[in-house]
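Novice: Let me give you the structure first, and then I'll get to my questions.
The values are calculated or read from the model by the stated rules, or taken from the named source; none is laboratory data. All values reported here derive from a predicted model rather than from experimental measurement. Positions of Cβ are generated from backbone atoms using ideal geometry, with glycine treated the same way; all protein chains shown enter the neighbour counts. The protein model used for the area step is the full one, side chains on, heavy atoms only, and it has no ligands, DNA or RNA in it. Shrake-Rupley method; radii C 1.70, N 1.55, O 1.52, S 1.80 Å.
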Amino acid sequence: ILVSMKIAVCGSSKINDSEIAKKAFEIGKELAKNHILVLTGAGNGYPYEAAKGAFSNNGKVFGVSPAKDEKEHVNKYSFPADTFTEIEYTGLGIPGRNFPLVKEADAIIIISGQIGSLNEFTIAFHYSKVIGILSNSGGITAILKEIAEICDKNGEKGNIVYSEEPKELVKLVLDKLK
């Protein structure tokens, strides 16, 4: 299978809503169905659910870890080492690893999230990447539209799509990338 594009799934490392976790899993599954390489920060939470979803559909998942090696990845960060086709150990820490994660991706999808996801959003916004927001998923997703309005200098906010439905969100992101 030829992987055509890379999409990073960013979001909260803590799951506090099982319905959103199911949607994250569906997003991963849908990305895999479309032969998209799923990138994550190799951590827990909603991005990990998306990784599991992609894996369940024979997808490929590339983790961009803040750790310098697998030992640090598992012991210091308590991050999972399964459900990844490959993990790149950057040694950049958090938030350092956010930059290569987003820069490497053709687009990002944000599910809930706090400061780390906001950092990933601003990097993607700055580089005019396509950004998909899972609406009503909690965290920073509630305020990203307002941030995009305030920060819009060159029409970057036009690269952002919003949906509450995983399949529709993936379709909107892929349509923007065409």
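Novice: List every residue pair whose Cβ atoms sit under 8 Å apart, with the two residues 6 or more apart in sequence or on different chains, where the first one lies in the range 140-159 and is crowded, with 17+ Cβ neighbours inside 10 Å and the second, anywhere, is in a helix (DSSP H, G or I) and among the polar types (S, T, N, Q).
Specialist: Filtered contacts from the range 140-159: Ile140/Ser117.
Novice: Can I ask one more? Within the range 7-37, how many residues are touching a Gly at 6+ places or on another chain (Cβ under 7 Å) and farther than 16 Å from Ser117 by Cβ?
Specialist: 6
Novice: Select from the range 21-41 the residues that are in contact with a Leu (Cβ under 9 Å, 6 or more places away or on another chain) and not in a strand (DSSP E or B) and write down the one among them that is surrounded by the fewest Cβ atoms within 10 Å (Cβ to Cβ).
Specialist: Quick first cut of the range 21-41, residues in contact with a Leu (Cβ under 9 Å, 6 or more places away or on another chain) only: 23-24, 27, 30-31, 34-41.
Still in the running and not in a strand (DSSP E or B): 23-24, 27, 30-31, 34-35, 41.
On the way: Lys23: 24, Ala24: 30, Ile27: 30, Glu30: 23, Leu31: 30, Asn34: 16, His35: 14, Gly41: 30.
Per the stated criteria, the residue is His35.
Novice: Something else now. Which numbered condition trips up Gly59, out of (1) crowded, with 23+ Cβ neighbours inside 10 Å; (2) not in a loop (DSSP other than H, G, I, E, B)?
Specialist: For Gly59, the exception is condition (2).
Novice: So, of the residues in the range 42-56 that are without any contact (Cβ under 8 Å) to a residue 60 or more places away in the chain and of a type in the set (Phe, Trp, Tyr), which turns out to be least open to solvent (accessible area, probe 1.4 Å)?
Specialist: Across the range 42-56, the extreme among qualifying residues is Tyr48.
Novice: Which condition number in (1) touching a helix residue (DSSP H, G or I) at 6+ places or on another chain (Cβ under 6 Å); (2) more than 27 Å from Lys167 (Cβ to Cβ); (3) surrounded by 20 or more Cβ atoms within 10 Å (Cβ to Cβ); (4) not basic (Lys, Arg) is the one that Pro95 fails?
Specialist: In the conditions (1) touching a helix residue (DSSP H, G or I) at 6+ places or on another chain (Cβ under 6 Å); (2) more than 27 Å from Lys167 (Cβ to Cβ); (3) surrounded by 20 or more Cβ atoms within 10 Å (Cβ to Cβ); (4) not basic (Lys, Arg), Pro95 misses (3) alone.
Novice: Of Thr83, Thr90, which residue is of a type in the set (Val, Ile, Thr), at pLDDT below 95 and touching a strand residue (DSSP E or B) at 6+ places or on another chain (Cβ under 9 Å)? Outline the logic, then answer.
Specialist: Numbers: Thr90 fails: at pLDDT below 95.
From the options Thr83, Thr90, the qualifying one is Thr83.
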